[in-house]
Amino acid sequence: MLRNGLGLSLILAFALPAARAADVAAAPAKLSAAAIVDKNVAARGGLEAWRAVQTLSMEGKMGAGGNRRETLALPNPDKKAGKLDVPSRPAGEALLPFVMELGRPRKMRLELQFAGQTAIQVYDGANGWKLRPYLNRLEVEPYTAEEAKSAAREQDLDGPLVDYAAKGTRIELVGTEKVEDHDTYKLRLAMKNGQKIHVWIDAQTFLEAKIEAQPRRMDGVYHPVEVYYRDYRAVNGLRIPFVLETRVLPVAKNALGVRDTPVPPEKIILEKITVNPTLAASAFVKPHVKPAASAPGTH
């Protein structure tokens, strides 16, 4: 569902979409941060290839895994055990069809099918709107202040590493770490807008293995978020991960002062990606919703 900025987190998930296998090495080589980024951009298809990408269209399914979160134990002085569990949520994960269109600079349109209805989220590079009929909200609403701030901080469709110096980003090599049994280089990025994130680059393929995404507000507190990239495939000379997994990390205590519970991973499975499709300018303007027809005999 388009809730709590989920559509905005998708932007970041798609912002680092390409990689090509590089020469296999037995162990991480001693490289500078700049050299690692150069190898990453080359592996992803090359600088000029990414500069030529003006639009992207992606279709697939989004797993609504949040419904499978563990129940939260709450204090209950009336119970002998002293705690009361919230009723269990459904165990099944829904796969929701979606279409996302991206354009420079930082334009995004997301359509998500949920409960037989189409939710829409649009950002034109400066302002954002959303339509959520599954919540019986049939009018177009503007982004909240928090959503607008998050959208303004998102990267363009080529991600933070391409042309990073021209974007005013400073990159530092923190060291090497294991990510899912793979050796990776851990980079710290300091953006021009003050945002700081980490990116983990596979030491053998030089593709992105993981990125630190924007924190997500849940239970009254902000949780760290990580996005993992898998199943890279060739698309128009670029290599793009067709499986992305978002993990919301638990914190020591939530706003209620009780132990936080793990949040199940959320998967995004891409089925079709089109590079440089022709996108109508109207796709990135405020959605127009026709008022529902009045029922017979009602005026």
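Observations
- Close amide H pairs (under 5 Å, H built 1.01 Å from N) link ALA94 with ALA64, residues at least 5 positions away or on another chain.
- Sum of side-chain charges, ASP231 neighbourhood, beta-carbon under 12 Å (Lys, Arg +1; Asp, Glu -1): +2
- Distance between region 104-169 and region 195-235 - C-alpha centres, whole angstrom: 18
- Table column - 3J(HN,Hα) (Hz), region 125-132, Karplus curve with 6.51, -1.76, 1.60, x for Gly and Pro: x, 9, 9, x, 9, 8, 10, 10
- Total formal charge among the other residues, if their Cβ is under 13 angstrom from that of MET58, Lys/Arg +1 and Asp/Glu -1: 0
- For ARG106, the residues 5 or more places off, or on other chains, whose built amide H falls under 5 Å of its own are LEU157.
- Mean Cβ neighbour count within 10 Å, used as a protection proxy, ranking 224-231, 104-111 highest first: 104-111, 224-231
- Magnitude of the charge dipole, region 137-210, Cβ model with Lys/Arg +1 and Asp/Glu -1, debye to 20: 420
- Each Lys or Arg adds one and each Asp or Glu takes one away; over the other residues whose Cβ falls under 11 Å from the Cβ of ALA126, this sums to +1.
- Once Rg and the Kirkwood radius are both taken over the C-alpha atoms of region 135-265, their ratio Rg/Rh works out to 1.00.
- Among 97-103, 173-179, sorting by the average number of other beta carbon atoms lying within 10 angstrom of each residue, highest first, gives 97-103, 173-179.
- Region 98-252 - percent of accessible surface contributed by carbon and sulfur, probe 1.4 Å: 48
The values are calculated or read from the model by the stated rules, or taken from the named source; none is laboratory data. These figures come from a predicted structure and were not determined experimentally. In this analysis, Cβ positions are derived from the backbone assuming ideal geometry, glycine residues included, and neighbour counts consider all displayed protein chains. Just so you know, the surface numbers come from the protein's heavy atoms only, side chains and all, with ligands and any DNA or RNA stripped out. Shrake-Rupley method; radii C 1.70, N 1.55, O 1.52, S 1.80 Å.
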